[in-house]
Amino acid sequence: MADPTTYRPAPGSIPVDPGVYRFRDAHGQVIYVGKAKSLRSRLSSYFQDIGGLHPRTARMVRTGASVEWTVVANEVEALQLEYSWIKEFDPRFNVKYRDDKSYPYLAVTMGEEFPRAQVLRGSKRPGTRYFGPYAHAWAIRETLDQLLRVFPVRTCSAGVFKRAGQVGRPCLLGYIDKCSAPCVGRVDADTHRQIAEDFCDFMAGNTGRFVKSLTEQMKQAAAELDFERAARLRDDIAAMTKALERSAVVFTDATDADVFAVAEDQLEMAVQVFHVRGGRVRGQRGWVAEMDAESVPELVERLLMQVYGAESAEGIPREVLLPVLPPEPAAMSELLGSIRGAKVALRVPQRGDKKTLMETVQRNADQSLARHKVARAGDLSARAQALEELTEHLGLDQAPLRIECFDVSHVQGTNVVASMVVFEDGLARKSEYRRFIVRGEAVDDTAAMREVLTRRFQRYLTERTETEDGRAKKFAYPPNLLVVDGGQPQANAAGAVLRELGVVDVAVVGLAKRLEEVWLPDDDFPVILPRGSEGLYLLQRVRDEAHRFAITFHRERRSKAMTVSGLDGIPGLGKSRQAALRRHFGSMTKIRAASAEEIADVPGIGPTLAGTIAAHLGAAADQVEPAVNLTTGEVLAD
């Protein structure tokens, strides 16, 4: 930990203007981003009395090694710059609002020629309209199934759509009138797009005009004694009504709003948001985030930036209901309005239906935090105990807050790959995982491990000095503890690599599978952690995760290798000439057995290319990979 007084800027050098500041650690990585109306006042508060700061903030200041700032013109610019830096640098000490689950959305791909309605998760894609989020994917499918009677929009994948067009027959949904079947030309692209737009309007809350229109058509059909059509329209209205019943009516005036509530304790906070469109609750989301010394208004401000910063204009409603207003509500409203393209109102409900809904959302937030606290009580103590046990048993100078584990995977030396997984504070950090393709000639695990570790730490030594604007590069941050999957040989190899590269501040251990022994480099006897100890359990989880990640990558590589032709990769030999070779000889076995003169007899292949093909296939024949039983993974004998 650094002494904050070593990098404290002189008070007179800090401007009093509004701006955004960044704290960096000893490796040059940005660890915290903040904004202030007065940079001098805010930055000075970090260095006056460290003991009076919140523990998280104090840890950030002690971890930092430098601070820098950028002056901006107004609060709106500060909000925009702060959000862009948090998104770019992902500082470890900034509060992060992450979904506690991956919520599904009903998405309509309006960017395609024939829009498709489907269930989607993850990041939002341009050109696609989203409705939700929903608590369960089955709720989306049931709603969609009801509405396809009225809005027969395409729901099939690109492959099914293309295949139906080739054979001239629609899928089952086309036959039962739950798809307008644009794949076979039953409707043209413009008509189908209009159906998709009507479906989106209905899902966006404009339901009244559709129900009214169908009701009028039903009455007209009944008056004309067309009772079959009237019955179909009656069933369509019933389907619409059933779909609407799935979302509760909370406002009678077709209000579009997002309602936020926050529950907090000294460690963490829980956030709940209800998405209300057309007066109905269309979706619900929840977050759990770390709590620091900032006030709730400031946390609400950052919450709004992270929720709406990546949203499209359609994702921001006209009204946002909050438990408290952010510090600069006018600036935040202006910023959200610029993204939406229309005015956005930030309000704290005081009475009526909106106050009642806010209380409901608050109860959900309170219950979410209570459930999380029950799980957190065991999880935090177990993680803290695991790190403490590893520090004690391995003789480390500090707790291994960042652990990296490496594993090698191959089948008899073929398709050799390796994995690197990262655990921070005892939890997997999957965004930091990396995969390696082993390039060296040696195929044993120790040689492969040496190559991978050399590449990883050479990149670290390079990138720690080449970090640009604090951008977190792939290998710019070193681990406190390096774990290799294996026993004494692998631990010795890892220790030797670090010594050769001059990396002296990283502890190394090897975890052997057979007896779960922990080996230190150049030690004749292993360290035996108590069975059932949290420290051993953490090492096992890290090792097993590295093994899973390596095996997954190896299977991908092996499957890809089995679908690659022996003719691929030969210079000058494209797909058409490959097809000509296969037609002429009939099989790869005969092509390999052919001479350069025989290959030159194939139309389109001259003597020079024929010689290249023969030489390439001859060299490849000396490196034939062993056959593998894809069911059992067993290597078959020649």
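The values are calculated or read from the model by the stated rules, or taken from the named source; none is laboratory data. Just so we're clear, the structure is a prediction, and the values are computed from it rather than from any experiment. Neighbour counts run over all protein chains shown; Cβ positions are idealised from the backbone, glycine included. To get the accessible areas, we keep the full protein, side chains included, count just its heavy atoms, and leave off ligands, DNA and RNA. Shrake-Rupley method; radii C 1.70, N 1.55, O 1.52, S 1.80 Å.
List of remarks:
- For the residues 22, 42, 62, the requirement of being touching a residue at least 40 places away in the same chain (Cβ under 8 Å), among the basic types (Lys, Arg), open to solvent by 10 Å² or more (accessible area, probe 1.4 Å) and in contact with a strand residue (DSSP E or B) (Cβ under 8 Å, 6 or more places away or on another chain) singles out 22.
- Qualifying residue in segment 372-392 (condition: open to solvent by 50 Å² or more (accessible area, probe 1.4 Å), in a loop (DSSP other than H, G, I, E, B) and polar (S, T, N, Q)): no
- Top-ranked residue in segment 557-603 [being within 30 Å of residue 419 (Cβ to Cβ), part of a helix (DSSP H, G or I) and open to solvent by 90 Å² or more (accessible area, probe 1.4 Å); ranked as modelled with the highest pLDDT]: 560
- Annotation: of all residues in segment 142-199 being among the aromatic types (Phe, Trp, Tyr) and open to solvent by less than 30 Å² (accessible area, probe 1.4 Å), the one that is nearest to residue 235 (Cα to Cα) is 151.
- Per-region count, segment 246-276, residues at pLDDT below 75 and closer than 30 Å to residue 342 by Cα: 9
- Test for residue 397: is it open to solvent by 60 Å² or more (accessible area, probe 1.4 Å), among the acidic types (Asp, Glu) and either closer than 25 Å to residue 529 by Cα or not in a helix (DSSP H, G or I) (or both): yes
- Subset of segment 462-508 that is assigned to a helix (DSSP H, G or I) and more than 26 Å from residue 390 (Cα to Cα) - its residue that is modelled with the highest pLDDT: 462
- Considering segment 152-230, the qualifying helices (runs of 4 or more DSSP H), each wholly inside and each with 3 or more residues that are farther than 22 Å from residue 142 by Cα, run over 158-167, 189-203, 208-223.
- Criterion: surrounded by 17 or more Cβ atoms within 10 Å (Cβ to Cβ) and modelled with pLDDT of 80 or more - qualifying residue of 288, 300, 324: 300
- Taken as a whole, the condition of being over 17 Å from residue 448 (Cα atoms), open to solvent by less than 10 Å² (accessible area, probe 1.4 Å) and in contact with a Phe, Trp or Tyr (Cβ under 9 Å, 6 or more places away or on another chain) does not apply to residue 498.
- The set of residues from segment 400-436 being open to solvent by 20 Å² or more (accessible area, probe 1.4 Å), in a loop (DSSP other than H, G, I, E, B) and closer than 19 Å to residue 93 by Cα comprises 401, 425, 429.
- Residues within segment 524-540 that are surrounded by 14 or more Cβ atoms within 10 Å (Cβ to Cβ), of a type outside the set (Gly, Ala, Ser) and part of a loop (DSSP other than H, G, I, E, B), tallied: 2
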